[in-house]
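The values are calculated or read from the model by the stated rules, or taken from the named source; none is laboratory data. Nothing here was measured: the structure is a model prediction, and the numbers come from that model. Cβ placement follows ideal geometry from the backbone for every residue including glycine, while neighbour counts extend to all protein chains displayed.
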Amino acid sequence: MKISKQVKGKLIIFILCMVMLGLTSPAFAQQKTTVKAMMIGFQMEDWIDPVTGTTFNGFSRMVEKFNAERPNIELKFTSIPWGALIGPYAKTLSALLGGTADVIQTRIVYIQTGQFEPLDEYIEKDNYDLGKLIAHSAKVTRQKVAGDKEAHQYMLPIYADARLIAYDKKIFDDYGVAYLSHKPTMDELREKGTKLAGTNPVTGEKTYGLWFEGNYSAWAFLTYVRAFGGIPILENGSRPNFTSDASLKALRWLYELREKEVIPAKCAAISGDPPGWLSKDNKHAIRLDHNLAITFLAKERGLVERFGVSLNVLNKWGYAGLLGASDVPAGIAKLSENKDAAWEVLKWLLSEEVQRFRFDNNRVFPVLEKEISQWMKEDNLPYADVIAEQMKLGDPLIGNYTKVITEGRMVIRSTISKLLALDITPEEAAEVIQQEIMTKVIL
């Protein structure tokens, strides 16, 4: 049977249509690689500042943008709150060991599980510049694990944090005391804090010289131990010594100032700022170990001229306070089947676009060293130069939680709270911390 030209033409068109439909079907569509990221503390939904009423964008917008711009990768992003009921680190460790996430943010100590993929080849292949990150922040995530002949870059910091010292200039002026120096010492803090405690000669109100956050004290305590020349925690696995001369000096410093009411009694049980802090009704002269939120709060409340900031206490190694950048870094799980795509996600998290978004919308400071001061000045935020310098001087040994502080910080907190309540002596506190950590934390 002969087929007419007209029928042949229709058959050809039909076949071509079927081929085109087949090529555009899901089976022939470009396959996407799914990357699962499990991170900590990302603000995913839009939120409103309760003070200013300003609306900020949630990070879910950035995830949507990532997926729209990359036809080859589907990013599934999970964020665990810092205060999660079970604990964010337990969840991320479970994901790491169970292979349920590709990119994981967690405590740096989990590098030693051996379950993170070395990043060296990716860094070399892309000529990725680690020098753009805050000084020291990537160095401490370069480690040896069991079986390694040399250290590898297992994780990278994705945010930055630090602590500095803040003070109320008005209280200093009322007492006729010179403002804190740019780099105050433990002696200067003791001397000026003592002078600023008592009855304000101008207002007649009671003031306190120093505020120490007694219920969140692990980082600050280590800062002071280091300032007195001690190394209570060693990265080489040596036994910690919290009964050392430096540890006792730090504990006695706190105890004596509390005993003289330079530090108020209520700080023993409070986590956070003292009552009235960063307000016109403030009665605390110096706030030790202050977080970086002061730059936003002082500006919003119109108190930039009243409150000043100084660097945290320097130690003999040239560091000041903690470097909170590499303590909770991110890496690629060794069990991931999509490591190349996971590396693209990790780079994206460190990109200027993402770092700027989190700074603008989530008030998370960038780990990009040059951008810290630059972005703060662009936004007319106060204390930019001091904060940028504090980031560079942050002590990686303190910010880099070892096993002792990861698991033992509650021992330090509870013991120092008792010390500030004057329930135990510095010598007793040192023994308690040492014994508790050695018997309950060190395995």
Answer from ARG252, ARG258, ARG301 - the residue that is surrounded by 19 or more Cβ atoms within 10 Å (Cβ to Cβ), in contact (Cβ under 8 Å) with a residue 60 or more places away in the chain and assigned by TED's automatic domain parsing to the domain that holds VAL202:
ARG258
Quick one: which of GLY308, GLY318 is assigned by TED's automatic domain parsing to the domain that holds GLY193, part of a loop (DSSP other than H, G, I, E, B) and over 29 Å from PRO118 (Cβ atoms)?
GLY318
From the set of residues in the stretch 261-298 that are under 16 Å from PHE172 (Cβ atoms) and more than 27 Å from the chain's Cα centre (by Cα), which is surrounded by the fewest Cβ atoms within 10 Å (Cβ to Cβ)?
LYS280
Where the second residue is among the basic types (Lys, Arg) and in a strand (DSSP E or B) and the first is on the phi < 0 side of the Ramachandran plot and lies in the stretch 156-170, which pairs have Cβ atoms under 8 Å and are six or more apart or on separate chains?
ILE165/ARG287; ALA166/ARG287; TYR167/ARG287
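Just give me the residues in the stretch 110-142 being of a type in the set (A, V, I, L, M, F, W, C) and within 23 Å of ALA388 (Cα to Cα), in sequence order.
Answer for the stretch 110-142, where residues must be of a type in the set (A, V, I, L, M, F, W, C) and within 23 Å of ALA388 (Cα to Cα): LEU130, LEU133, ILE134, ALA135, ALA138, VAL140.
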Test: PHE365 is without any contact (Cβ under 8 Å) to a residue 24 or more places away in the chain and in contact with a strand residue (DSSP E or B) (Cβ under 8 Å, 6 or more places away or on another chain):
no
Among the residues of the stretch 206-222, is any modelled with pLDDT under 95, over 30 Å from ASP281 (Cα atoms) and in contact with a strand residue (DSSP E or B) (Cβ under 8 Å, 6 or more places away or on another chain)?
yes
Run SER279 past the list (1) over 30 Å from GLU369 (Cα atoms); (2) touching a residue at least 40 places away in the same chain (Cβ under 8 Å) and report the number of the one that doesn't hold.
(2)
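With the condition being over 30 Å from ALA218 (Cα atoms) and aliphatic (A, V, I, L, M), I'd like the helices (runs of 4 or more DSSP H) fully within the stretch 48-164 carrying at least 1 qualifying residues.
By residue number, 60-69, 120-125.
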Restricting the stretch 161-186 to residues that are more than 17 Å from ILE387 (Cβ to Cβ) and basic (Lys, Arg), which is surrounded by the fewest Cβ atoms within 10 Å (Cβ to Cβ)?
LYS169
Among the residues of the stretch 147-160, is there at least one that is over 19 Å from GLN390 (Cα atoms), among the acidic types (Asp, Glu) and assigned by TED's automatic domain parsing to the domain that holds VAL345?
yes
Only listed residue being buried (at least 18 other Cβ atoms within 10 Å of the Cβ) and over 27 Å from LEU180 (Cα atoms), chosen from SER351, SER326, SER417:
SER326
Regarding GLU337, is this residue in the same structural domain as PRO118 (by TED's automatic domain parsing), among the acidic types (Asp, Glu) and at pLDDT 95 or above?
yes
